[in-house]
Amino acid sequence: MESRGGDAEAAGGPRVLVVGGGIAGLAAAQRLCGHPAFPHLRVLEATARAGGRIRSERSFGGVAEVGAHWIHGPSRGNPVFQLAAKYGLLGEKELSEENQQVETGGHLGLPSACYASSGASVSLQLVAEMASLFYGLIDQTREFLHSAETPVPSVGEYLKREIRRHVAGWTGDEEAKKLKLAVLNTFFNVECCISGTHSMDLVALAPFGEYSVLPGLDCTFPGGYQGLTNRMVASLPEDVMVFNKPVKTIHWKGSFQEAALPGETFPVLVECEDGSHFPAHHVIVTVPLGFLKERLDTFFDPPLPTEKAEAIRKIGFGTNNKIFLEFEEPFWEPDCQIIQVVWEDSSPLEDAAPSLQDAWFKKLIGFLVLPAFESAHVLCGFIAGLESEFMETLSDEEVLQSLTQVLRRVTGNPRLPAPRSLLRSRWHSAPYTRGSYSYVAVGSTGDDLDLLAQPLPADGAHGQLQILFAGEATHRTFYSTTHGALLSGWREADRLLGLWGLQVRQPRPRL
Ligand SMILES: Cc1cc2nc3c(=O)[nH]c(=O)nc-3n(C[C@H](O)[C@H](O)[C@H](O)COP(=O)(O)OP(=O)(O)OC[C@H]3O[C@@H](n4cnc5c(N)ncnc54)[C@H](O)[C@@H]3O)c2cc1C
């Protein structure tokens, strides 16, 4: 076999560092640790815990998912589903054939109740009609997949153009039309949560259909999503995880030495914020795109090639947050699963500048009723965009007060008891995340995600690959998901195994 690592082989295998202990980093580490050729492996994690955007907190006498909520498309082709099943983390219903065969098209289910800002409830038939119109148009966007030219640049503009056409054919009085548009506006806000963007006008039309939806009715982890990443950590040798080790700068294309190993040189040196240094042959970077965007100028030395840096700037990365409210008593019906909220003065056809201080809460799409709590009654609200980022700047009391007012208004009950506690995510303020997940923004394409995934140096033949990239934003068709992140970690581990002429031990999932 051709010698690929020189020094590294002499020292008993290459030194590999994984930056970031989210599911992508853990997947890469697990794959490499399964191979005796990689005994010198460390995962440097900035925070005190593993899991990253998978974060389950014990709250309200149950588990609250602060980050990832569902396995999207839980069926055989989904590696997160497979791994969770292997670890015994899913229930009978989640594992059932019936569940795996459901085709959702990636759309959220219909609400069980829909409240309007006047305090009236909206007919669920009207909501279902608007959902069918909206999701029909979303599905139509696939027509433009790989089109060199699209009629408009963004998904938002396309949806609005088509909705205008429909409105022209609507009969009925003006009030009824206004209500339909207000319901549609809530669906735009739902889609902003799904895409993790401020506005669908920011999401590129042509590549939108490239995001792949797997079959299966989205399911949750009865014991919490983090059970999965905890199990992955537990499978690693004890000294692999290094917590509270934020990486400051990755020096590459160098020739670095370590006092303990005189004569050996390493092409990469990872410098941490606490002043410690780790020399390595290969580094797998899995930090979130939001972090990369913010630290682009200082995180790599020498800086990334222009094309790669441009891809990082162009790919979208927005905010979606959750707000959990715990109530003494439920005000909703026992079988209620999703509560939608509609602001009757809103319309997707009117461009309103975000009014943050006074009306941030109008971006909230409504609430999921969380069934998993035995003695507590908990709703989980979702809110995306600049309004969500503004919400992060408020105190818990301010958010609780605003949402109590919203709920009193929409239920028409001015005496509705305030929630007794609140828990929320703040993904935009999180220094090592800076947002929620990626999307293909206007001005970028799937090629930019592939470009982000390319290892460096670009001309690095054989053992010369120094920086490899994984993380949800590097998966062209499953970006923004846990399964995309997991696959990206395996992909980069396999790249290293291939580079060193080694066989991949675990079979790849069939996708
Ligand atoms: C609110 C919310 C809801 C979501 N819902 C779903 C869902 O229902 N289903 C789904 O499939 N996906 C969902 N996602 C997306 C999913 O959580 C992510 O795609 C996935 O967890 C990303 O994994 P990752 O390993 O790429 O990144 P991360 O999990 O973000 O891991 C990156 C790690 O790098 C660390 N790090 C950052 N900077 C440094 C540094 N300088 N040095 C060292 N370490 C560093 C971070 O602390 C973090 O632990 C959701 C995300 C959010 C925020």
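The values are calculated or read from the model by the stated rules, or taken from the named source; none is laboratory data. Predicted, not measured: the structure shown is a model, and the values here were computed from it. Note that each Cβ is placed from the backbone with ideal geometry, even for glycine, and that neighbours are counted across all protein chains shown. Remember, those area values only see protein heavy atoms, side chains included, never the ligands or the DNA or RNA. Shrake-Rupley method; radii C 1.70, N 1.55, O 1.52, S 1.80 Å.
A search for C-beta distances below 7 Å between a residue of region 118-138 that is modelled with pLDDT under 95 and any residue that is crowded, with 19+ Cβ neighbours inside 10 Å, counting only pairs 6+ apart in sequence or on different chains, returns Ser121/Ala113; Ser121/Cys114; Ser121/Tyr115. Taking each residue of region 21-42 that is on the phi > 0 side of the Ramachandran plot and looking for partners that are modelled with pLDDT of 95 or more with beta-carbon atoms closer than 8 Å, six or more apart or interchain, yields nothing. Regarding region 147-155, can at least one residue be identified that is open to solvent by less than 10 Å² (accessible area, probe 1.4 Å), closer than 28 Å to Lys314 by Cα and modelled with pLDDT of 95 or more? So far as region 147-155 goes, yes, one or more of its residues are open to solvent by less than 10 Å² (accessible area, probe 1.4 Å), closer than 28 Å to Lys314 by Cα and modelled with pLDDT of 95 or more.
Restricting attention to region 312-324, which residues are away from the ligand (no atom under 16 Å from the Cβ) and surrounded by 16 or more Cβ atoms within 10 Å (Cβ to Cβ)? Show your work before the answer.
First pass over region 312-324, keeping only residues away from the ligand (no atom under 16 Å from the Cβ): 313-314.
Of everything in region 312-324, just one residue is away from the ligand (no atom under 16 Å from the Cβ) and surrounded by 16 or more Cβ atoms within 10 Å (Cβ to Cβ), namely Lys314.
Note on region 286-311: residues that are open to solvent by less than 50 Å² (accessible area, probe 1.4 Å) and away from the ligand (no atom under 12 Å from the Cβ) total 6. Thr171 fulfils the conditions (1) surrounded by fewer than 18 Cβ atoms within 10 Å (Cβ to Cβ); (2) in contact with a Leu (Cβ under 9 Å, 6 or more places away or on another chain); (3) without any contact (Cβ under 8 Å) to a residue 60 or more places away in the chain except for a single criterion, (2).
Of the set (1) within 16 Å of the ligand (Cβ to nearest atom); (2) out of contact with any strand residue (DSSP E or B) (no Cβ under 9 Å at 6 or more places or on another chain); (3) part of a helix (DSSP H, G or I); (4) open to solvent by less than 40 Å² (accessible area, probe 1.4 Å), all apply to Gly73 but (3).
Residues being within 16 Å of the ligand (Cβ to nearest atom), part of a helix (DSSP H, G or I), under 26 Å from Cys219 (Cα atoms) and over 18 Å from the mean Cα position of the chain (by Cα) are entirely absent from region 121-129.
Selection of region 290-323 for residues being among the aromatic types (Phe, Trp, Tyr) and not in a strand (DSSP E or B) yields Phe291, Phe299. Condition check for Leu124 on (1) open to solvent by 40 Å² or more (accessible area, probe 1.4 Å); (2) more than 28 Å from Lys362 (Cα to Cα): one failure, at (2).
Of (1) more than 24 Å from Cys193 (Cα to Cα); (2) open to solvent by 60 Å² or more (accessible area, probe 1.4 Å), Pro457 satisfies all except one. Which? Among (1) more than 24 Å from Cys193 (Cα to Cα); (2) open to solvent by 60 Å² or more (accessible area, probe 1.4 Å), the lone unmet condition for Pro457 is (2). Among the residues of region 381-399, those identified as over 21 Å from Ala418 (Cβ atoms) and not acidic (Asp, Glu) are Ala384, Gly385, Leu386, Ser388, Phe390, Thr393. Could you please find all residues in region 261-274 being away from the ligand (no atom under 14 Å from the Cβ) and part of a loop (DSSP other than H, G, I, E, B)? Answer for region 261-274, where residues must be away from the ligand (no atom under 14 Å from the Cβ) and part of a loop (DSSP other than H, G, I, E, B): Leu261, Pro262, Gly263, Glu264, Pro267.
Can you pull out every residue in region 465-483 that is out of contact with any Lys or Arg (no Cβ under 9 Å at 6 or more places or on another chain) and either open to solvent by less than 20 Å² (accessible area, probe 1.4 Å) or modelled with pLDDT under 95 (or both)?
Across region 465-483, the qualifying residues are Ile467, Gly471, Ala473, Phe478, Tyr479, Thr481, His483.
Within region 389-422, if we keep just the residues that are without any contact (Cβ under 8 Å) to a residue 24 or more places away in the chain and of a type in the set (D, E, K, R), the residue that is farthest from Asn321 (Cα to Cα) turns out to be Arg415. Arg161 satisfies every condition listed in (1) assigned to a loop (DSSP other than H, G, I, E, B); (2) free of Cβ contacts under 8 Å to residues at least 12 places away in the same chain except (1). For Thr249, the conditions (1) within 13 Å of the ligand (Cβ to nearest atom); (2) within 17 Å of Ile54 (Cα to Cα); (3) more than 21 Å from the chain's Cα centre (by Cα) all hold with the exception of (2).
Of Ser429, Ser425, all but one fail to be polar (S, T, N, Q), open to solvent by 20 Å² or more (accessible area, probe 1.4 Å), over 26 Å from Glu210 (Cβ atoms) and within 16 Å of the ligand (Cβ to nearest atom); the exception is Ser429.
Scanning region 37-58 for residues that are of a type in the set (Ser, Thr, Tyr) and either away from the ligand (no atom under 15 Å from the Cβ) or touching a helix residue (DSSP H, G or I) at 6+ places or on another chain (Cβ under 6 Å) (or both) yields a single hit, Ser56.
Being among the polar types (S, T, N, Q), under 16 Å from the mean Cα position of the chain (by Cα), modelled with pLDDT of 95 or more and open to solvent by less than 70 Å² (accessible area, probe 1.4 Å), is that true of even one residue in region 271-281? Checked region 271-281: no residue is among the polar types (S, T, N, Q), under 16 Å from the mean Cα position of the chain (by Cα), modelled with pLDDT of 95 or more and open to solvent by less than 70 Å² (accessible area, probe 1.4 Å).
Considering only residues of region 432-449 that are within 16 Å of the ligand (Cβ to nearest atom) and of a type outside the set (Gly, Ala, Ser), which is nearest to the chain's Cα centre (by Cα)?
The extreme case among them is Tyr437.
Annotation note: Cβ proximity below 8 Å between a residue of region 441-457 that is free of Cβ contacts under 8 Å to residues at least 60 places away in the same chain and closer than 17 Å to Phe317 by Cβ and a residue that is hydrophobic (A, V, I, L, M, F, W, C) and outside any strand (DSSP E or B) (sequence gap 6+ or interchain) occurs for Ala453/Ala470.
Note on region 222-260: residues that are within 28 Å of Val440 (Cβ to Cβ) and assigned to a loop (DSSP other than H, G, I, E, B) amount to 2. Of all the numbered requirements in (1) within 16 Å of the ligand (Cβ to nearest atom); (2) at pLDDT below 95; (3) open to solvent by less than 50 Å² (accessible area, probe 1.4 Å), Gly34 misses one, and that requirement is (1). Being open to solvent by less than 20 Å² (accessible area, probe 1.4 Å) and in a loop (DSSP other than H, G, I, E, B) is a description that does not apply to Gly88.
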